[in-house]
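Just below is one structure, and these are the notes that go with it.
Values in this text are rule-based calculations from the coordinates and carry no lab data. All of these numbers come straight from a predicted model, not from anything done at the bench. When we count neighbours, we look across all protein chains shown, and the Cβ atoms used for this are built from the backbone with ideal geometry, even at glycine.
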Amino acid sequence: MTHPLSLRRAKLARLAAGLNAKGSRGRLKRVQEKWRPVFRQDTRKNKELERDDGWEKTHPALALVLFTDDERAVDWAEAVSALPRGSAVIVRSRDAKTQEQKVRQLLPVARKRHVLLLVSQDWRLAWRLRADGVHVPEAQMSTNSGLRRRNPRWLITAATHGPYSKGAVTRLKPHHIFLSPLWPTASHLGANTLGPARWGLQHRAYTVPAYALGGIDESNAQHALSIGAAGLGLISAWTDE
C-alpha cells in the first residue's frame, strides 16, 4: 500500500511539474520578468529599502504557497514535507499560542525542505522565531506599512479580495499579493468568487505580482496561470484525492 505522504508529494510534484512545463514555464518567466524592474525601481526610490537589492537572489520567485487552516484536521508537518523545494508555507491561526506552536513545529521541517515559512499577522512572532517573512491580512494592511523597513530581508505578502485595496497595497509595498477567491473554496463556503474573468481584470489594478488563491487544484492550475497568476496559493489541493 502506498504511503499517504508519498501520494501527496506526488500530487504536489505534478502541480509543480505543470508549472515547470514548457508553456507554463514561459508564462511564469514572462510574469517574473515583468515585475523585476518594479522591485529595482522601488529599491532605488527608497533608501530605507536599499538592502532589498539582493532580495531576488535570497528569495527567488515562488510557484506554490501552502496556507495552514485551523478548520482542517491536517498534519501540517506532513504537509510541509510534501512541498517541493523552493515553495513556501504561510502559518495562520486565530489563536496566538496555537500559531506559535505551529511555527515552532514547522520551521525545522521547512528549513530541511528548503521551503520558506511566513507568519500571518504577527510580525513580532516572525521576528522572534526568525521566520522568513510575514503575511498581512487585508484588514491589517493599513497598520503594517513599515514591515519592510523592520526587516528588509523578509518576504512580505498580503491578502486582498478586490481592487479596492490598491491604496493599502501601495503603502504596504508587499512583494506579492494573494487575490482571492478565484474559485469556490471550502475555506470560505458561500463567499462570492471572482472567477477567471474578474480575477484576470482585477489583478491588473495592482503594481505587484498577484497569486491566485481559492479552489486551486491540478485541474485548474494551468487556467490560473493563463489569466496572469504569478503563482498559486493552496489550502486543500494537496489533500484532496
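Placing +1 on the Cβ of every Lys and Arg and -1 on the Cβ of every Asp and Glu, with no other charges, gives the range 151-234 a dipole of roughly 440 debye about its Cα centre. Computed 3J(HN,Hα) for the range 122-136, one whole-Hz value per residue from the Karplus formula 6.51 cos²θ - 1.76 cosθ + 1.60 where θ = phi - 60°, is 9, 5, 5, 5, 4, 5, 5, 9, 6, 6, 8, x, 9, 10, 10, glycine and proline marked x.
Less than 5 angstrom separates the built amide H of Phe178 from those of Ala158, Ala159, Thr160, Tyr211, all sequence-distant by 5 or more or on a different chain. If the viscosity is 1.002 mPa s and the temperature 20 °C, what Stokes-Einstein diffusion coefficient in µm²/s follows for the range 61-102 when Rh is the Kirkwood radius over Cα pairs? It comes out at roughly 194 µm²/s.
Note on the range 73-147: Rg/Rh from C-alpha atoms, Kirkwood Rh, equals 0.97. Spatial offset of the range 76-149 relative to the range 155-200 amounts to 18 Å, using the alpha carbon center of each. In units of the rule-of-thumb radius 2.2 N^0.38 Å, the range 87-207 shows an alpha carbon radius of gyration of 1.10. Put simply, the amide H of Arg153, placed in the peptide plane, has no neighbours under 5 Å, leaving out anything fewer than 5 places away on its chain.
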